[in-house]
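Let me begin by presenting the structure, written as structure tokens, before commenting on it.
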Amino acid sequence: VTLEARIEALFAAEPAALADPFSVYDDVRAAGRVFELGPTVLLTHYDDVKWALREGDRLSNKALSEGSRVEATRARFSGDARDAFDEVIAFEANFVSRTDGADHDRLRRIAHRAFTPRRIAELEAATRRYADELLATLAEQETADVMVLAYRLPLMIVADLLGVPEADRELIHAWSEKLGAANASTDPGPYLEARVAIREFRAYLDEMLDRHRREPDSTDLVAVLMDAEGDERMNADELAALYVQILFAGHETTTNLIGAGLLGLLRHPDEWRALTQDRTLIPLAVEELMRFVTPTQFVSRLAVEEIELAGVAIPEGRTILAVLAGAHRDAAVFADPGRLDVRRPEGRQQLGFGFGPHFCLGSALARLEAQVVLDLLARRFPHLALAADTVEWEGSAMLRHLTCLPVAWGDNK
Ligand code: HEM
């Protein structure tokens, strides 16, 4: 099997390929600094990936709205499917992560209002309470699927952050699933469903906006975001996109960090034991798990002009994947990169939350959630163990996730 075919299998989200993306990216890295695959260029060396994340002038963040890769997908569709594709792409073009320059600065400043230290502190208390509750329910079972916890907790937190009432959590979650399924899909079906989800979501948010207009003194997130002044204002399309973006960006990524992170630890029992014996290691361990797991495996950029890199001319309009999962196994930065080491001193150099102008707005929240869960488990279940020999992955090459993660609690309930 050629390397190209292995990458294609990964991008097509074949479960066997999703089980081990790192070995594919290792081979891509070994092949050189710039790897060209059809309409896409892959970067897998740490320094190149970091350059791409930092480069805000010659690289654009609109790679999922326009450019060679989007055009290649669009060309596969016709009629209503193409209309749906265009509507979904146009809606998502308002995501903070898909904007550049002045638009990005403005949207990012507004989005920042959702993440004040006070809000994060409030969410910390909620995180502990929810994690306790979820764990209590799971611990009643002999063996349990901890993906339930890894999945529910970030959803509950992100819903709280957005001011979505408990009763509506499932509703918004179903919409976000539909949008997620269309993300980078090359089939028309998911785009048709995503279009419906966007329209329903817009209607839901319009109601929130109406409520806000009726109660101008409210202090909910809609109020906080919409009451920006002058040049800092945002329109209803941008508000809707920001809600969806936060839902997306904050949910499954964190689920992955917690779920796949725990899998890594339980497959390296010495590392797990180290955490149970010294819980002050947990913050550094979370950095190492960000590296080891790489919840978001790559981010996309677009060359706004011809760029020469390592002697290769990357043409204008070409889509570039900055493969974080590749950078995280680069032995030039991480010694013995395939090894999970919760004490790894260079763990803090991980790029899993990005770097530079688009650095993750929710990193404090994600770190908090992972730390709370690990602390709780290490304290209450030091003998936690995997209860399955194999696990399965699904999702996409960008965001793969475990189907389930059965654990046995050990004797220390
Ligand atoms: C382990 C969990 C998480 C991972 C791995 C992660 C990863 C990332 C990465 C790699 C980027 C940079 C994208 C780029 O450069 O194009 C990013 C941006 C972003 N993240 Fe996160 N994220 C996580 C959790 C969260 C949470 C919990 C939230 C919100 C509640 C969030 C909100 C955002 C937003 C709004 C952006 C866009 C920032 C911008 O473009 O300026 N993320 N994230």
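List of remarks:
- Hey, Thr254 surrounded by fewer than 13 Cβ atoms within 10 Å (Cβ to Cβ) and either among the hydroxyl-bearing types (Ser, Thr, Tyr) or in contact with a Gly (Cβ under 9 Å, 6 or more places away or on another chain) (or both) or not: no
- Selection from region 347-372 of residues that are in a loop (DSSP other than H, G, I, E, B) and within 6 Å of the ligand (Cβ to nearest atom): Gly352, Phe353, Gly354, Cys360, Leu361, Gly362
- Restricting Ala397, Ala378, Ala388 to residues that are part of a loop (DSSP other than H, G, I, E, B), out of contact with any Gly (no Cβ under 6 Å at 6 or more places or on another chain) and buried (at least 22 other Cβ atoms within 10 Å of the Cβ) narrows the list to Ala397.
- Residues located in region 163-181, provided they are surrounded by fewer than 21 Cβ atoms within 10 Å (Cβ to Cβ), among the aliphatic types (A, V, I, L, M) and either in contact with a strand residue (DSSP E or B) (Cβ under 6 Å, 6 or more places away or on another chain) or in contact (Cβ under 8 Å) with a residue 24 or more places away in the chain (or both): Leu171
- Residue match in region 185-201 (condition: within 24 Å of Arg108 (Cα to Cα) and surrounded by 20 or more Cβ atoms within 10 Å (Cβ to Cβ)): yes
- Answer residue from region 147-158, given it is within 15 Å of the ligand (Cβ to nearest atom) and free of Cβ contacts under 8 Å to residues at least 60 places away in the same chain and is nearest to Leu221 (Cα to Cα) among those: Met156
- Residue identified as modelled with pLDDT of 80 or more, touching a helix residue (DSSP H, G or I) at 6+ places or on another chain (Cβ under 7 Å), within 15 Å of the ligand (Cβ to nearest atom) and over 28 Å from Glu87 (Cβ atoms) among Ala274, Ala240, Ala260: Ala260
- Looking only at residues in region 91-105 that are within 11 Å of Glu238 (Cα to Cα) and in a helix (DSSP H, G or I), the one that is nearest to the ligand (Cβ to nearest atom) is Val96.
- Residue pairs whose Cβ atoms lie under 7 Å apart, separated by 6 or more positions or on different chains, with the first residue in region 83-108 and of a type in the set (Ser, Thr, Tyr) and the second at pLDDT 95 or above and within 12 Å of the ligand (Cβ to nearest atom), are Ser97/Asn61; Ser97/His358; Thr99/Asn61.
- Number of residues in region 129-149 that are under 18 Å from Leu257 (Cβ atoms), buried (at least 20 other Cβ atoms within 10 Å of the Cβ) and in contact with a strand residue (DSSP E or B) (Cβ under 8 Å, 6 or more places away or on another chain) equals 2.
- Filtering region 25-58 to residues that are of a type in the set (A, V, I, L, M, F, W, C) and within 20 Å of Gly354 (Cα to Cα) leaves Val34, Val41, Leu42, Leu43, Val49, Trp51, Ala52, Leu53.
The values are calculated or read from the model by the stated rules, or taken from the named source; none is laboratory data. Computed from a prediction, not measured in an experiment: that's the story for all the values here. Virtual Cβ from ideal backbone geometry, glycine too; neighbours counted across all protein chains shown.
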